[in-house]
Amino acid sequence: MTTTVSISLFPFLFVIVAVCFSFCHANSNVLCIESEGEGILKLKNDLIDPSNKLSSWAKGGYFCKWIGVVCHNSTGHVNQLHLAAAPLLAPDFDAPPAEWEAYEQSKLRGKINPSLLELKHLGSLDLSNSNFSSIQIPKFFGLLESSTYLNLSREQFQGAIPHNLGNFSKLQYLDLRSNNWWDIEATSLEWISRLSSLHYLDLSNADLRKATDWLQVAFKHPSLLELHLSACSLEDDPSPMGVNSTKSRVILDLFENNFSSVPMSIFGLHGLVSIDLCWCINRKIKEKKGKETDAKKFEQEDD
């Protein structure tokens with residue numbers, strides 16, 4: 001009697017292929033995806049790095065150990081990029097102009113390569129305090145669908161804010177504040193209403209003179225808790241709107257805008273803890289009879 005034993009090699013081949021694909025550093029317990037490392041190197045190739053901050057980014061190296069790169073412990077995917085210039089390196093406010101010039105020249109600049117999109121699991125991107133003064137905010141940023149944190153503050157970007165930034169369904173934190181007045185601009189803030197998970201937004205110093213829908217964002221966004229719109233040249237809303245008092249704001253910053261009076265919609269906000277209206281209005285705040293606010297801190301100065 002003959003017995004036939006059939007042994008499938010498929011499971012063993014699958015394990016071998018998986019190991020070869022997943023481990024790109026023999027001495028590491030962390031999985032890594034080689035294509036993501038290549039994407040990061042392409043990003044570096046288009047950047048000008050006077051301070052040599054990215055010196056660890058070298059072909060053949062283990063990219064999860066590169067400065068500014070953070071990988072997920074179990075999957076090995078890149079999930080954070082921290083390329084911000086360190087604030088502690090900034091000169092004192094009254095330092096000589098030569099020191100400030102040297103500091104500005106030390107910042108990352110150049111172009112931002114679309115290879116960033118190869119980091120499909122990127123949850124946090126911080127490029128703040130760099131010097132991209134010759135380019136606009138890249139439209140392809142709106143394709144970083146996994147991101148929950150995006151900090152492009154003090155980047156010195158120029159021009160219109162791309163509306164496709166509203167494609168971030170998971171985004172919770174967005175900081176676009178500028179160094180200078182009106183470096184960036186928006187004629188509408190409708191795209192912000194599509195950021196359904198957003199908790200923090202800073203557009204300070206952006207030119208929002210034509211964004212007459214700013215009140216809709218400020219007071220009707222379903223998840224926004226902290227909003228900074230200082231020095232945006234906001235003016236009185238031509239069509240005052242009611243506010244659903246169930247929407248909560250904790251912090252509202254309208255510092256240095258151009259209101260003739262306090263936007264009455266403010267008094268319908270629920271849970272407000274801090275509001276800044278300094279240098280906005282040329283007379284004392286007068287609360288409309290029957291309207292109250294929960295604000296614990298209400299800042300106002302005369303011009």
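The values are calculated or read from the model by the stated rules, or taken from the named source; none is laboratory data. From a predicted model like this one, the values you see are computed outputs, not experimental measurements. Please note: Cβ atoms are built from the backbone with ideal geometry, for glycine as well, and neighbour counts cover all protein chains shown. Surface accessibility is based on the protein's heavy atoms, side chains included, excluding ligands, DNA and RNA. Shrake-Rupley method; radii C 1.70, N 1.55, O 1.52, S 1.80 Å.
Tabulated results
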| item | result |
| --- | --- |
| Net charge, S178 excluded, C-beta distance under 13 Å - Lys, Arg +1, Asp, Glu -1 | -4 |
| Long-range HN-HN contacts of R154 with modeled amide H, under 5 Å | N129, R177, S178, N179 |
| Low-density loop positions, chymotrypsin sites (Phe, Trp or Tyr not before Pro), the stretch 124-218 - DSSP coil, at most 15 other Cβ in 10 Å | W181, W182 |
| Cα-based shape type of the stretch 85-169, given that a ≥ b ≥ c are square roots of the gyration tensor eigenvalues and the cut on a/c is 1.5 | prolate |
| Modelled label reach - Q136, point 7 Å along Cα→Cβ, the stretch 219-236 residues with backbone N closer than 14 Å | none |
| Under 5 Å, built H, 5+ apart or other chain: amide partners of G110 | I48 |
| Area of D207 that stays accessible when all protein chains are in place (1.4 Å probe, Å², to 10) | 20 Å² |
| Spatial separation of Cα centroids for the stretch 162-211 and the stretch 62-78, in angstrom | 29 Å |
| Backbone HN-Hα couplings from phi across the stretch 134-140 [Karplus 6.51/-1.76/1.60, Hz, Gly and Pro as x] | 9, 10, 8, 4, x, 5, 5 |
| Added length on full extension, which subtracts the Cα-Cα distance from 0.36 nm per residue, V70 to S55 | 3.8 nm |
| Added length on full extension, which subtracts the Cα-Cα distance from 0.36 nm per residue, N179 to E101 | 26.6 nm |
| Pairs beyond 31 Å (Cα-Cα), from K59/K120; K65/K220; K42/K220 | K65/K220; K42/K220 |
